[in-house]
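Here's the structure, in structure tokens; my notes come after.
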Amino acid sequence: MKNSKIDILKLWRHVSGEDDHEAFESLFCLLNAGMIKFAMMYVHQKESAEDIVSDVFAQCWVRRQALKEVRNINTYLFVAVKNHSLNHLKKYSTVHLVQMEETEELRLVKPQTPEELLEKKELFFKLEQAIEELPQQCRIIFRLVKEEGIKYKEVAEILDISPRTVQTQIFRAMKKLSAVLAEQILFSFVVSIFCGMVVHSVI
């Protein structure tokens with residue numbers, strides 16, 4: 001996220017100042033995936049999220065001249081996606097549940113035993129479950145900060161809240177997830193001891 005900020009600013013200047021189609025396509029490719037993930041935090045359905053993001057980018061192109069003075073197009077687009085998502089929820093009352101896709105963070109950097117792989121998978125499942133059980137605002141803030149790498153101030157602007165609220169919600173989320181992590185590690189430790197006792201008794 002940090003490395004792309006300069007590129008985003010340059011691309012937006014080309015789009016809004018020069019009607020550059022190629023720059024707009026590059027901007028879309030750079031931000032599209034993150035915007036879809038963000039929209040799914042509200043609408044919980046990938047197809048709807050994709051439609052919302054496409055509409056936002058289409059309107060952004062149409063209104064590019066009027067938006068020329070926007071200094072942070074990244075934040076502007078996040079706010080637009082949030083508003084479109086909320087409007088979508090008002091229009092469609094049915095909530096669709098979707099299975100979360102595995103992220104790149106789950107890639108393993110070294111070979112592990114089947115038992116270790118199972119424990120890691122179970123741990124990530126528990127953490128993901130705990131994240132989904134957080135209150136909506138807390139969950140969205142956590143994902144924007146910890147998964148998308150967006151700064152507290154920008155998250156505050158996107159969600160129209162204070163940076164202090166962002167900080168408080170992150171603290172609450174980390175406290176909850178730390179408890180889940182500690183509980184899971186303790187459980188694995190107890191199981192390993194139990195299994196060792198069983199093996200020892202058999203021998």
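Through the Karplus equation 6.51 cos²θ - 1.76 cosθ + 1.60, θ set to phi - 60°, convert the phi angles of segment 124-141 into ³J(HN,Hα) values in whole Hz; use x for Gly and Pro.
Karplus-based 3J(HN,Hα) across segment 124-141 equals 5, 5, 5, 5, 5, 4, 5, 4, 5, 7, 5, x, 3, 4, 4, 5, 5, 4 Hz.
Given Lys121/Lys176; Lys90/Lys176; Lys46/Lys68; Lys37/Lys126, which pairs have Cα atoms separated by over 24 Å? Write out the running numbers ahead of the final one.
Details: Lys121/Lys176 19 Å; Lys90/Lys176 30 Å; Lys46/Lys68 30 Å; Lys37/Lys126 20 Å.
As for pairs spanning more than 24 Å Cα to Cα, those are Lys90/Lys176; Lys46/Lys68.
Taken together, the values in this text are just the output of simple stated rules run on the coordinates, not laboratory data. Keep in mind the model is a prediction, meaning the values are calculated, not measured.
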